[in-house]
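Participant: Below you will find the structure I want to go over with you.
The values are calculated or read from the model by the stated rules, or taken from the named source; none is laboratory data. Computed from a predicted model, the values in this text were never measured in an experiment. All Cβ positions, even for glycine, are placed from backbone atoms using ideal geometry, and neighbour counts span all protein chains on display. For the accessible areas, the whole protein counts, side chains as well, though only heavy atoms, and no ligand, DNA or RNA atoms are used. Shrake-Rupley method; radii C 1.70, N 1.55, O 1.52, S 1.80 Å.
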Amino acid sequence: MAKSCDEVVYSERSQIIKDISARYPCHEKIIHKLYKYYGSGDPFPPALYLYGHGVTGKSSILESLFAELGGVRYLKLNVIEAYSNKLLFENIAFGLQDIRLSTHNGYTYAHRLEYTKEFLTELRRLDRSLAYVIVIESAERLRDADQNLLPMLLQLPEATGQNISVVLMSSLPFEKYYIKTGMPSIPKLFVPAYSRDSMLKILSNDFHKIKLDAQKLAHLAGLEHRLELIDRTVTQELYSNFVHLFLSTFWKVCRDVGSSNLDVDYCHSQMHLVQQLELPYYAKYLLIAAYLASHNPAKEDKRLFLKSHGKQRKRMQTVNARAKVSEKMAVQLGPKAFGIDRLLAIFYAILDGEKVAVTSNLLTQIATLVHLKLLAYVSSADASLLDGTARLQCTVGLDSILQIGRMIGFNVRQYLCDFF
């Protein structure tokens, strides 16, 4: 019996959702809702607010969805790059027409789009047989733009007559946006951070790829006779146990899949974060103080940070102890835990005489560094910053902390035992 048209559509819809959910597990509800807004065949919502923690799959899910849908032209841009109205307007209007700056057009567009009227006129010229989606990352920065810009972007279908939707992506809730002229109501979707169980499921999905890679390596090494051993010993249970152990080790300082490769991706992302973040002046010193507390023995604080600590006799055993091989350097052995009192003592010492009162603002900056995953709690959940019982460790690498030191003209190496 032939399937009805509705049955065929439902089957295709289910298959698309199933395929995307397989690639991005633990986000089935979000995928269902996004498909409802953009895959049902109805006109797109004028705007959608998609928010949540970074590296939770927001951009990837959207890209996968629109790649499956026919007749949709999709554009993604970041407000950090399109920092003026002109850049924003031209990137959107010409990007939706697949026009890119190149040597062929002398890196200039046919005409400039500096004003809202010119921007809307260009959008009206788009092919009306297509639907359009504009994904704007770092959307919270639009709060600092002209008061009329954000409300206009949320009502493009009404202003242009096109089936066009703007997806605003941010880590902030929509309540943080306030425009004096007011804004239209738009649907909002929150993408939660991965739980430990979700992360376990995501990492466990790599089992078949890991086993295939092991077999390929055996072939390349001429160890074909070991393939039977690999098939017998590299099991799903073995890999699951490894993933459990892996998460138990790194879960305190990592909250996304992109942070699993600590030697490469995590350090690279930290360097990028350090360069992009505009940390307050004292927050930079707090982070440096935290690094020094994590990588120096507490018994060395007096010698490192007090000007009148007295002379230290250079006994032969002391000299030999400091001639450490690289494997034993403190900066390579990993961060150690420290208390709030020690952190603040080092903070005041490296400020070199500046008087800063211990205020709630200073403690708030410490909490912010924890939120940014530059510091991590290692004490129990009931420990508090306010009463000084919390114990922390610095998760930032040496290269990143040296970069922060250069920003404020502070020589970090001068206060590390490994280099003193």
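Participant: Would you be able to say whether some residue in region 146-160 is at pLDDT below 90, within 25 Å of Leu65 (Cα to Cα) and outside any helix (DSSP H, G or I)?
Facilitator: The answer is no; no qualifying residue exists.
Participant: Please go through region 70-86 and give me each residue that is within 23 Å of Lys18 (Cα to Cα) and crowded, with 16+ Cβ neighbours inside 10 Å, ordered by number.
Facilitator: Of everything in region 70-86, those that are within 23 Å of Lys18 (Cα to Cα) and crowded, with 16+ Cβ neighbours inside 10 Å turn out to be Val72, Arg73, Tyr74.
Participant: Something else now. Within region 157-165, can one find any residue that is farther than 30 Å from Tyr239 by Cβ, open to solvent by less than 80 Å² (accessible area, probe 1.4 Å), under 27 Å from the mean Cα position of the chain (by Cα) and touching a residue at least 40 places away in the same chain (Cβ under 8 Å)?
Facilitator: yes
Participant: Looking at region 186-200, which of the residues that are open to solvent by 30 Å² or more (accessible area, probe 1.4 Å) and among the small types (Gly, Ala, Ser) is farthest from Gln155 (Cα to Cα)?
Facilitator: Ser195
So that you can scan it fast, the table gives a plain yes or no per residue for (1) closer than 22 Å to Ser170 by Cα; (2) open to solvent by 60 Å² or more (accessible area, probe 1.4 Å); (3) in a loop (DSSP other than H, G, I, E, B); (4) among the charged types (D, E, K, R):
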{"residue": "Leu88", "(1), (2), (3), (4)": "yes, no, no, no"}
{"residue": "Asn91", "(1), (2), (3), (4)": "yes, yes, no, no"}
{"residue": "Asp98", "(1), (2), (3), (4)": "no, yes, yes, yes"}
{"residue": "Arg112", "(1), (2), (3), (4)": "no, yes, yes, yes"}
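Participant: Now, a different point. Exactly one condition in (1) assigned to a loop (DSSP other than H, G, I, E, B); (2) in contact (Cβ under 8 Å) with a residue 60 or more places away in the chain; (3) not hydrophobic (A, V, I, L, M, F, W, C) is false for Tyr74; which is it?
Facilitator: Result: Tyr74 fails condition (1) only.
Participant: Select from region 382-395 the residues that are modelled with pLDDT under 90 and among the aliphatic types (A, V, I, L, M) and list them in ascending order.
Facilitator: Ala383, Leu385, Leu386, Ala390
Participant: Still on this structure, I have one more. State all residues of region 142-197 that are over 27 Å from Val55 (Cα atoms) and small (Gly, Ala, Ser); if no residue qualifies, say none.
Facilitator: If the condition is that a residue be over 27 Å from Val55 (Cα atoms) and small (Gly, Ala, Ser), then Ala159, Gly161, Gly182 are the ones that fit.
Participant: Take Phe89 and tell me if it is modelled with pLDDT of 95 or more and more than 16 Å from Val133 (Cβ to Cβ).
Facilitator: yes
Participant: Further question: Being at pLDDT 85 or above and surrounded by 17 or more Cβ atoms within 10 Å (Cβ to Cβ): is that true of Tyr415 here?
Facilitator: Answer is yes for this residue.
Participant: Still on this structure, please answer the following. Could you list, in sequence order, all residues of region 125-151 that are exposed (fewer than 13 other Cβ atoms within 10 Å of the Cβ) and over 32 Å from the mean Cα position of the chain (by Cα)?
Facilitator: Of everything in region 125-151, those that are exposed (fewer than 13 other Cβ atoms within 10 Å of the Cβ) and over 32 Å from the mean Cα position of the chain (by Cα) turn out to be Arg125, Asp127, Arg128, Ser129.
Participant: Return the pair list, or none, for Cβ contacts closer than 8 Å from residues in region 166-182 that are within 10 Å of Ala139 (Cβ to Cβ) to residues that are assigned to a loop (DSSP other than H, G, I, E, B) and open to solvent by 20 Å² or more (accessible area, probe 1.4 Å), at least 6 apart or on different chains.
Facilitator: Val166/Pro46; Met169/Ser138; Ser170/Ser138; Ser171/His53; Ser171/Gly54; Tyr177/Met183
Participant: Scan region 177-215 for residues that are under 24 Å from Phe44 (Cα atoms) and assigned to a helix (DSSP H, G or I) and report the count.
Facilitator: Residues flagged as under 24 Å from Phe44 (Cα atoms) and assigned to a helix (DSSP H, G or I) within region 177-215 amount to 0.
Participant: Could I ask something else about it? Taking region 218-275 as the region of interest, how many residues are hydroxyl-bearing (Ser, Thr, Tyr) and at pLDDT below 75?
Facilitator: 5
Participant: What is the residue count in region 325-340 for residues that are at pLDDT 90 or above and over 28 Å from the mean Cα position of the chain (by Cα)?
Facilitator: Matching residues across region 325-340 total 0.
Participant: Quick one: which of Gly52, Gly57, Gly70 is at pLDDT below 95 and either among the acidic types (Asp, Glu) or more than 25 Å from the chain's Cα centre (by Cα) (or both)?
Facilitator: Of the residues listed, the single one that is at pLDDT below 95 and either among the acidic types (Asp, Glu) or more than 25 Å from the chain's Cα centre (by Cα) (or both) is Gly70.
Participant: So, one more: Checking the condition crowded, with 18+ Cβ neighbours inside 10 Å, in contact (Cβ under 8 Å) with a residue 60 or more places away in the chain and either polar (S, T, N, Q) or within 26 Å of Glu63 (Cβ to Cβ) (or both), which residue from Leu154, Leu203 passes?
Facilitator: After applying the criteria, what remains is Leu154.
Participant: Taking into account only those residues within region 43-53 that are open to solvent by 10 Å² or more (accessible area, probe 1.4 Å) and in contact with a helix residue (DSSP H, G or I) (Cβ under 9 Å, 6 or more places away or on another chain), which is nearest to Phe190 (Cα to Cα)?
Facilitator: Tyr51
Participant: Does Lys373 fit the bill of being touching a His at 6+ places or on another chain (Cβ under 7 Å), charged (D, E, K, R), modelled with pLDDT of 70 or more and closer than 27 Å to Gly409 by Cβ?
Facilitator: Spelling it out, it is not the case that Lys373 is touching a His at 6+ places or on another chain (Cβ under 7 Å), charged (D, E, K, R), modelled with pLDDT of 70 or more and closer than 27 Å to Gly409 by Cβ.
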